[in-house]
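Below is one structure; the comments refer to it alone.
The values are calculated or read from the model by the stated rules, or taken from the named source; none is laboratory data. Since the model is a prediction, treat every value here as computed from it, not as a measurement. Note that each Cβ is placed from the backbone with ideal geometry, even for glycine, and that neighbours are counted across all protein chains shown. These accessible areas exclude ligands, DNA and RNA; they are computed on the full protein's heavy atoms, side chains included. Shrake-Rupley method; radii C 1.70, N 1.55, O 1.52, S 1.80 Å.
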Amino acid sequence: MLPGQELDFNRPNSAALLDLLKRVGAANLSVGRIYEGHINALYLVHLYATPEQKKQWYDAVTRDNALFGVWNTQNQNGIVYESDEHNLVLKGAKTFCSGAAIVTHALITGNISSAHRNGWQMIIVDMRNIADERIDRNTWQTLGMKASGSFTTDFSGYQVTENELLGEPGDYFGQPHFNGGAIRFAAVQLGGAEAIVKYTLNYLRSMDRTEDPMQKTRLASMITDITTGDLWIKQAGKNFDEWSADAAKSDGLIAFANMTRTVIEEIGIRVMNESNRSVGARGLMAASPLERLNRDLTFYLRQPAPDATRLAIADYFINHNHLPDA
């Protein structure tokens, strides 16, 4: 991700980066969720930071092992920038703050209205300056992904310095990077689905049931699904590298990312259903790794606006009157 490193954002490394995210997701979906946020934050730094900011934040990663996160979700008491006599001060909270207790640098967003800036502004907050009691651990009562520690965090009273503001108002939603970035969390989700297939196969082997014709049929379905997902992820990475700098292909990149996200969601649901049929109730008992994987993937697949995403896919191809590029 960082300049000169193996997955440098300045080079066409998206397919390899997605493969890394998939492998992290296969190991642990909660870790994958946090790590995807780290990658997302560093990519936004790559896109919008000044040279001085890049040096500061890249050095924090390489020298201090800093962990970044992106927290955009909020309720009615969301982030606003307020002015006191001398400074800008944050007021409000963010929800679903993945890794809130361990992230060292939080990229958050909020409304700013000043003489020089107006709109939805990014800022990278040094979490060492946020008191621990500002992190509400009671807000993360979920079916799955509990280990991601996605707690609500109150930033009220945080004094803003100019060098913490990232980019200009509105940059966070800049396309095709905003919607096109969905391929990253889709890769993590696919890793979770692959882990479910692996555990299912190992369970059937342990029970000497791999020669059962119905079990073979289910395995064939699951393996076909994750292979299909892997092809989608690889193509999504290739497209991102080739299309993201071409304004004429921005809409196509977003459409392909939306399709990738949708396909991976459907694959995850099918894999869980087939695994549950193969393993039965034992796979939903807490002692089984499948129990956690099912909970975590079920929760993680619930990304915002799934119906709107499908409508956007249809609108793109209706309006452009052609089949997808590949």
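What to note about this one:
- In the chain, lysine pairs closer than 19 Å at Cα, eight or more apart or cross-chain: 7
- Take the Cβ atoms of Ala308 and Thr73, set R0 to 22 Å, and the FRET efficiency comes out at 0.85.
- Maximal additional length on extending the Thr217-Asp132 stretch stands at 25.5 nm, based on 0.36 nm per residue less the C-alpha distance.
- Within the full protein context, the accessible area of Tyr300 is estimated at about 10 Å² for a probe radius of 1.4 Å.
- Basic side chains Lys and Arg get +1 at the Cβ, acidic Asp and Glu get -1 at the Cβ, and with that the dipole of the chain about its Cα centre reaches some 1120 debye.
- Building the convex hull from the alpha-carbon atoms of the range 98-206 and averaging its projection over directions returns 9.6 nm².
- Computed from Cα atoms, the angle from the helix 14-27 axis to the main principal axis of the chain rounds to 70 degrees.
- Simple spin-label estimate for Phe317 and Ala16 in nanometres, 7 Å along Cα-Cβ: 3.2 nm
- Once the 1.4 Å probe is applied to the protein heavy atoms, the range 1-146 comes out at 49 Å² accessible per residue.
- On Cα atoms only, tilt of 29-48 relative to the major axis of the chain in degrees: 40 degrees
- Computed on the range 235-324, the Cα convex hull volume stands at 120 Å³ per residue.
- For the range 1-144, the Stokes-Einstein estimate of translational diffusion at 10 °C and a viscosity of 1.306 mPa s comes to 95 µm²/s, using the Kirkwood hydrodynamic radius over alpha-carbon pairs.
- Rounded Å value of the spacing that divides the Cα centres of the range 11-49 and the range 218-275: 16 Å
- Per residue, the chain reaches -17000 deg cm²/dmol at 222 nm when only DSSP H runs of four or more residues are counted, each adding -39500 (n - 2.57).
- Mean projected area (nm²) of the alpha-carbon convex hull when the chain is viewed from all directions: 18.7 nm²
- Take the convex hull of the alpha carbons in the range 196-256; its mean projected area over all directions comes to 5.0 nm².
- Helix axis angle, 182-206 relative to the chain longest principal axis, alpha carbon, degrees: 30 degrees
- In this label model, Glu242 and His86 are separated by 5.6 nm, measuring between points 7 Å along each Cα→Cβ vector.
- Measuring nothing but protein heavy atoms, the accessible surface of the chain at 1.4 Å probe radius is 52 percent carbon and sulfur.
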